[in-house]
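Here is the structure we will look at, set down as structure tokens.
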Amino acid sequence: MGDVILTMKGIDKSFPGVHALDHVDLEVKKGEVHALMGENGAGKSTLMKVLTGIYSKDEGTITYEGKEVEFSNPREAQDAGIVIVHQELNMLGHLTVAQNIFIGREIMNGKLINDKKMNEEAAKLFEQLGIDIDPKETMSRLTVGKQQMCEIAKAISHEAKVIIFDEPSAALTEAEIEELFKIIRDLRDKQMGIVYISHRMDEIKVITDRVTVMRDGGYVGTLITKDSTKDDIINMMVGRVIYEDPKTESAVPKDAPVVLKVEHLNAGRMVRDVSFELRKGEILGFSGLMGAGRTETARALFGADPKEGGDIYVNGEKIEIKTPQDAVKHGIGYLSEDRKRYGIVVDKTIAENSTMASLEHFMKGAFIDKKRENEVAQQYVETLKTKTPGVDQLVVNLSGGNQQKVVIAKWLVRNCDILIFDEPTRGIDVGAKSEIYQLMNELVAEGKSIIMISSEMTEILRMSDRIVVMCEGRKTGELDISEATQERIMHAATLRD
Amino acid sequence: MTDKKQGNAFTNNPVVRAIGVQKIVVVIVLIAMILFFSAMSPAFRQYSTILSIMDYTYYLAFLGIGVTFCLITGGVDLSIGTGMFCYALIGGYLITQKHTPVIVGIIVTILCGLIMGTVNGLIVSKGGHAPFLATLCTMMIVRGLGAIITGGSSITWPGATAPNGWTRTLFKMDIGGTKVPLGFLWVMILAVAMSIFLNKTRPGRYIIAIGSNKEATRLSGVNVAVYQTIAYVISGVFTGLAALAYSSAFQSMIPGGGGGIELNAIGGAIIGGTSMNGGSGTIAGTILGVFIMSVLQTGLPLIGLQANYQQIIIGLVLIIAVYIDVLKNKKLA
């Protein structure tokens, strides 16, 4: 490790209603790989966005190469030598590899683009990195791993001095990760400063020199990787703070019948041989890090995405689910994590949204029975305590929490017994949160069963009777609430092959 | 994760990949169609049929080349069919009613296209309108505009034998009693020039990049609005050229006409492998696709299928072409 190249000190950033970064520090030295770790929502990406000028900071200083800097857009940061290799690749699938690397700064031959020269320059870059990619190949024909290598080549061609890798290994195979690490080590040997964002504990131990941990937007501390254990880092990530009362004991009777059984579900890379059971009156929590395959599992189960294999049993009977209609027919309702996109029609009324999934029961001949639609919607507005002047209110005018209640009403009207809540309280304020929790508890008390996907550890521990933990498409743990701790869940959530 | 490379020995052959599978298929289909029509109809084998195919090809090729740029950005230009009529009406009106020199009429015709193209481009890129809607609106505007300027009457450009009818010989020259389809030369020259523009210059490269991933292009420091506008300006100018070609081949235009012609041009581009989702397309493909359309339009009446059947057959051809596009995109995903 050499001299310090980048120092971020006391960085503070607030968005309306959220204190995203609370006086965070980060120091990167030349020739080091510095891990930035923390749970989902800890503020890692926000910090990097502040660094590269996508967000402006409210307080704090950024010192780069001995001078205080403030970039107003990613391009300025890039020109100064700070580049991000994004998790979601910014690639132009229809153009060639070389055309992608030089987009926006093509090598010209008079008025015409000199593709030949660009191919040569790209080939030189790849040679330097020791990667075998044909610069003339069309980008979309490469594997995700190779595309990532192209992004790295593009970063280096900017004469970068600091490279930020945002969860680079999320979509890579073992062999590709090896190749990536080789490149990162080479870059480190060339005295570049590298920030490596990842959730994967094993990788952190292999590739990084120091670790900075963040939690809930705050700075927790910095460790020398080789002097610390995996448990040290996990403890820093989850903290010792006890949040709201977690559930200590399952509320489900020992002999409650199994209402849903999933065996060996497979769907693409993100759902690999997942099996679990859901019992009557149970809240089954699905925990894991971003990209663990929880939503994908729910979508495959619900028939929203095609599955490659697996058996599904409802109330002991084997059923076929090929489309969401099949799932709904068997009493399964899915409340999407992206409410606005998949859950509700915002510019329609509460009444219209409530009957959306069961319109065939509200027909009077060829026409919709408006009166009964309103009555039923009103009934659910009352039971769910939805705050609205009336059922003819447009959903767009409701708060997040009340919108969520309309989605719940939709599936209750449909008489679904199995409800899949995907991030039920995302974007909902604290008061409304506890109302949704209360509602979920009432639903299971009435004999409904719930699968709850959540990235919030406190939510998982507060609501679940049992917890399934996933990592990279596989089920890596199943815990009864009585034995579940943050550490145990986090351990399972970072368990790789 | 498995490698995305797929296909068979044919589709992975370097020569085949360089030309493009779809273009090879289109050429085969084109030859098959010509053989079919020749076998079915003696009239199709006449020299005059070539001239007639060419008359359809000129204006469709110009429209097709222009709209290909919009399609590659992921947009579309629906105003080109009625626009072509409108600009030809305005130019022809100046020449025949206002007795301006022919060259003035020609310049004004192309200038109209340039202006409307710029308007389309700005509405889409700066105004943020969906290209489909923006150009649907300007299509209505040009439909009305042409009629208003000519006072609601049809316009007939000067005939070939008229003293100021030289524009017609630009496309069909009489050499020793034989009519030579000179326009083919202009189409080819412009096709080559625009192909180089698309593949070898910065604006061309950025037009492809925008259609491929607009946000990534913006993040690369490219002024997306400018290049998106340029695509519509090109479409407008080529619509002006198409207006000249059309008036040269068919001479007279009725006000408010031209609707539906845009679909033949867009259809030609799609048959030639330009994707409705943006990011890919070639000028050569569009020219080939346009030939399919013009051979169909000439051949079908000769085997006794009248206009209504032609519409159905062209519709079916387009469904197949778009389906191929859908299949290609599935492979990419």
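Structural remarks
- Just one residue in the set B:I72, B:I80 is hydrophobic (A, V, I, L, M, F, W, C), more than 28 Å from B:T150 (Cβ to Cβ) and surrounded by 24 or more Cβ atoms within 10 Å (Cβ to Cβ); that residue is B:I72.
- Those residues of segment A:89-98 which are in contact (Cβ under 8 Å) with a residue 40 or more places away in the chain and more than 7 Å from chain B (Cβ to nearest Cβ), in sequence order: A:L89, A:T96, A:V97
- Residue match in segment A:45-64 (condition: free of Cβ contacts under 8 Å to residues at least 24 places away in the same chain and closer than 24 Å to A:L187 by Cβ): yes
- 1 or more residues in contact with a strand residue (DSSP E or B) (Cβ under 8 Å, 6 or more places away or on another chain) and farther than 20 Å from A:T485 by Cα: qualifying strands (runs of 3 or more DSSP E) within segment A:216-323: A:218-224, A:258-267, A:271-279, A:309-314, A:317-319
Residue by residue, here is whether (1) free of Cβ contacts under 8 Å to residues at least 12 places away in the same chain; (2) under 22 Å from A:I84 (Cβ atoms); (3) among the aliphatic types (A, V, I, L, M) holds:
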residue	(1), (2), (3)
A:E178	yes, no, no
A:Q191	no, yes, no
A:S198	no, yes, no
A:I224	no, no, yes
A:E249	no, no, no
A:P253	no, no, no
A:P257	no, no, no
A:K261	no, no, no
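- Within segment B:267-311, the residues that satisfy the criterion of being of a type in the set (S, T, N, Q) and more than 14 Å from chain A (Cβ to nearest Cβ) are B:T286, B:S294, B:Q297, B:T298, B:Q306, B:N308, B:Q310, B:Q311.
- In segment A:303-311, the condition of being in contact (Cβ under 8 Å) with a residue 40 or more places away in the chain and surrounded by 15 or more Cβ atoms within 10 Å (Cβ to Cβ) is met by at least one residue.
- Residue tally, condition surrounded by 20 or more Cβ atoms within 10 Å (Cβ to Cβ) and part of a helix (DSSP H, G or I), over segment A:329-351: 4
- Candidates A:K67, A:K9, A:K57: the one that is touching a helix residue (DSSP H, G or I) at 6+ places or on another chain (Cβ under 9 Å), assigned by TED's automatic domain parsing to the domain that holds A:P135 and basic (K, R) is A:K57.
- Answer residue from segment A:106-119, given it is within 7 Å of chain B (Cβ to nearest Cβ) and not in a loop (DSSP other than H, G, I, E, B) and is nearest to B:R218 (Cα to Cα) among those: A:I113
- Any hit, segment A:381-394, residues being in contact with a helix residue (DSSP H, G or I) (Cβ under 6 Å, 6 or more places away or on another chain), surrounded by 20 or more Cβ atoms within 10 Å (Cβ to Cβ) and not in a loop (DSSP other than H, G, I, E, B): no
- Within segment B:107-117, being touching a Ser or Thr at 6+ places or on another chain (Cβ under 7 Å) and either hydrophobic (A, V, I, L, M, F, W, C) or more than 17 Å from B:I155 (Cβ to Cβ) (or both) holds for B:M116, B:G117.
Listed here are the residues, each with its yes/no results for (1) within 23 Å of B:L94 (Cβ to Cβ); (2) buried (at least 16 other Cβ atoms within 10 Å of the Cβ).
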| residue | (1), (2) |
| --- | --- |
| B:T138 | yes, yes |
| B:R143 | yes, yes |
| B:I148 | yes, no |
| B:S154 | yes, no |
| B:W157 | yes, yes |
| B:R168 | yes, yes |
| B:D174 | no, no |
| B:G183 | yes, yes |
| B:V187 | no, yes |
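- Candidates B:G204, B:G151, filtered to the one that is assigned to a helix (DSSP H, G or I) and among the small types (G, A, S): B:G204
- Subset tally (residues that are surrounded by fewer than 19 Cβ atoms within 10 Å (Cβ to Cβ) and modelled with pLDDT under 90) for segment A:91-109: 2
- Scanning segment A:142-160 for any residue that is over 26 Å from B:L198 (Cβ atoms), in a loop (DSSP other than H, G, I, E, B) and more than 13 Å from chain B (Cβ to nearest Cβ) turns up at least one such residue.
- Residue pairs whose Cβ atoms lie under 7 Å apart, separated by 6 or more positions or on different chains, with the first residue in segment B:186-210 and at the interface with chain A (Cβ under 7 Å from one of its Cβ atoms) and the second β-branched (V, I, T) and in a helix (DSSP H, G or I), are B:I208/B:I72; B:A209/B:T217.
- Among the conditions (1) surrounded by 15 or more Cβ atoms within 10 Å (Cβ to Cβ); (2) modelled with pLDDT of 90 or more; (3) farther than 22 Å from B:G221 by Cβ, A:P135 misses just one, which is (3).
- For segment A:135-188, the set of residues classified as touching a Phe, Trp or Tyr at 6+ places or on another chain (Cβ under 8 Å) and farther than 29 Å from B:I208 by Cα consists of A:V162, A:I184, listed by residue number.
- So B:S220, is it facing chain A (nearest Cβ under 7 Å), within 19 Å of B:V67 (Cβ to Cβ) and out of contact with any Cys (no Cβ under 6 Å at 6 or more places or on another chain): no
The values are calculated or read from the model by the stated rules, or taken from the named source; none is laboratory data. In this text, all values refer to a predicted model and were calculated from it rather than measured experimentally. Cβ: placed from backbone, ideal geometry, glycine included. Neighbour counts: every protein chain shown.
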